[in-house]
Structure formats: structure tokens, C-alpha cells
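Quick notes on the structure that follows.
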Amino acid sequence: MPVTGTLDAGRRRWTTEEVEPRRALAYWTDTVCDRFLALDIETPPRSGFRATLDQVDLGAATANFIRATSQTVRRTRARIARSDESMFVLMQLRTGHVQLRQQGRMAVVAPGESVLINATEPYELNCPVPTSVLALRLPHAWLTHWLPDPGRHAVRKFESGGWSSALNAALASLEADSCDTLALPQGTVADQLAALLTLAIGRDTPPAPDHRLISALRQTLREELHNPALTPLTLAARHQMSKRRLHYAFAAAQTTFTEQLVQLRLEHARSLLADPHHATLPVAEVAARCGFLDPSHFARRFRRQYGQSPLAFRASVIGRKH
């Protein structure tokens, strides 16, 4: 892998300038995957692609100063599955124009602004014109010392005003050729940036529930409640989302996957038991149709929810109807 070399203490550089033009994109992809983050990268045909990466360690964090011509960058599930590290990226745009898409949200980032990216989830970064950015690689475990749940703040953009201005000013002060002359140890600088990020985000209040998403998830649970093998992973896959995001969605609605599933199963069982057309259906079969493998477990849950056994409930309801 061609490398210009270590320019000064702790600074490393990789550039396409020393690579044949036809190999520039392949070299850049290999470099970024090996030194920054495992990504898929595309460029416009015959674009004369050029790029440079300057990298400096800042304690637990890593500062990546990237300059590149037009490109589209994707972090895919396949790339994530092959990664050993759990990372977030705090990216500040220096020049150019960037669109970030992640978890169904989009952020358009202008020069001087910054955005938090969750590298444990897929995302797409579209850079239609030449850009230069500072991308701080932040280990997940380290970042949680300041943000207990940083994934909730993915695609959060920091513009102007308040602590966001302070964060952006601090990021803008970092340059590849001066990180080794900072007045504080580099690890302390990273800590200060994480503290500013936390202040810019503000008090960590519970997220507002996504009612449309919860409604769609509940509908799928109704359709699959007969399946005793239904899991959060299979439900998340049906909705093309991560299991983590699924749990976040239920938590924002003050519930859980299990609570919702059991509630819907009991509601369906109650409907079957109240239907005269199913008056002869054994309780064990009602339980099975509602996804309960153990009839005694079903009976206990039903009594706890409705104050009667399944048989007593059926007798009281169907008796009144006759």
C-alpha cells in the first residue's frame, strides 16, 4: 500500500497522488477500510478521482483529515459484520457539500457544521462535489463515559448557537500539522471534545415515540402472534431495521417487544374465547393459535390480565350471549 510516510510525530498520510489514476479508487477504498472504517466507495465514471487522508491519534479517539473529489460512501451491514470495533464518527465538514442518510433520517451538512454518525449501523454519505472533512473516530465504549446511549443521537447535526458553536469552533481549530503542538495532552483534548459534544446534545431526555413505526410493528405482531418462535430479530428483519433500533422504538413508547407481543396474544385469545363459533375449541388449541406453547402458562397469564381463567371467561361471556 503506497504511503507518503510519517510526516511528523504521530501523523500519518495516505494519498492517491502516487497511484496510477486507474487504480486510485481501489487504493483509496483499501486505505480507508484498513486505516479508518470499512466502507464501500463509488465515484462518478471518468472523474479523475483523487483523495488524501491525514491521520493523528488523539488518545482514545483518532482524527482523520480527509480531502477527496466527488464520492458516495456506504457503510453496509456486510462491512459492519466483518468489523471488530464498535465506533461512532463525529464529522465536521470543512469545504464542499454532504448528505448523510441513516436510520430513515437525512442530514444536509454545510461547511462549519458537524454531525454524529453511528458506525455500528448502515449509513450513506453522498459527497457530490470535492470535500474536505475532519472525521473523529470515537470508540463506542469510550464515548459512553459521556453519552450513555450515543446511538440515540445518530444523524444529530450541530449548527450554530449555544454549545454547538463551541463544539464546532473546537473542531475547526484542529489541523493535521498542529495536533502535536497542542497545549494539552492529546488524550485530554479528545476528552474535552467529548464533553463539548455532550453539552451540545444537552440533557438526555427520553425520545418521542414514533407512532407510525409502533403501529406498523404492532400490525406485524398481530399477523405473526401465532408463531411461538417470533423474536425481536425476526421482527426487525421484517421492517429492515436493526434489533437495537427496534428496542429503542418500543422503549420510546414506554413498552417492550415482549410486553406488546404478550398483550396482543392475550387480546386475540380473549376474542377467540368470546366467539360462539369457537365455543368447542379446546383452551389448549386457543393457546396454540395465539403462540403460547404451554397451556398452563397461557392460563396463568390470562387470569393475571383478565381476573378469570380462560374457561370461566368463556362461560361467562358466551352464557350472556345465549
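We did not get these values from a lab; they are worked out from the coordinates using the rules stated. What you see is a predicted model, and the numbers here were worked out from it, not measured in a lab. Methodologically, a virtual Cβ is constructed for each residue, glycine included, from the backbone with ideal geometry; neighbour enumeration extends over all protein chains shown.
Residues in the range 32-38 carry Karplus couplings, in order, of 4, 5, 7, 10, 10, 7, 5 Hz; the curve used is 6.51 cos²θ - 1.76 cosθ + 1.60 with θ = phi - 60°, and Gly or Pro positions show x. When each of M87, M106 is scored by the number of other beta-carbon atoms lying within 10 Å, the sequence from fewest to most is M106, M87. Measuring nothing but how far apart in sequence close Cα pairs (under 8 Å, 6+ apart) lie, relative to its length, the range 127-231 scores a relative contact order of 27 percent.
Residue-wise HN-Hα couplings along the range 157-162, as the Karplus relation 6.51 cos²θ - 1.76 cosθ + 1.60 with θ = phi - 60° gives them from phi, are 9, 10, 9, 10, x, x Hz; Gly and Pro carry x. Among E20, E85, the ranking by other beta carbons within 10 Å of each residue's beta carbon, starting with the fewest, stands as E20, E85. Of all beta bridges DSSP finds with both residues in the chain, what is the antiparallel percent, to the nearest 5? Close to 100 percent. Determine the shape class of the range 25-104: with a ≥ b ≥ c the square roots of the Cα gyration tensor eigenvalues, call it rounded for a/c under 1.5, and otherwise prolate if a/b is greater than b/c, oblate otherwise. Rounded. Computed across the range 5-201, the Kirkwood hydrodynamic radius from all distinct Cα-Cα pairs reaches 17.0 Å.
Order by neighbour count: L217, L147, fewest other Cβ atoms within 10 Å first, most last.
Placing the least packed residue first, the sequence is L147, L217.
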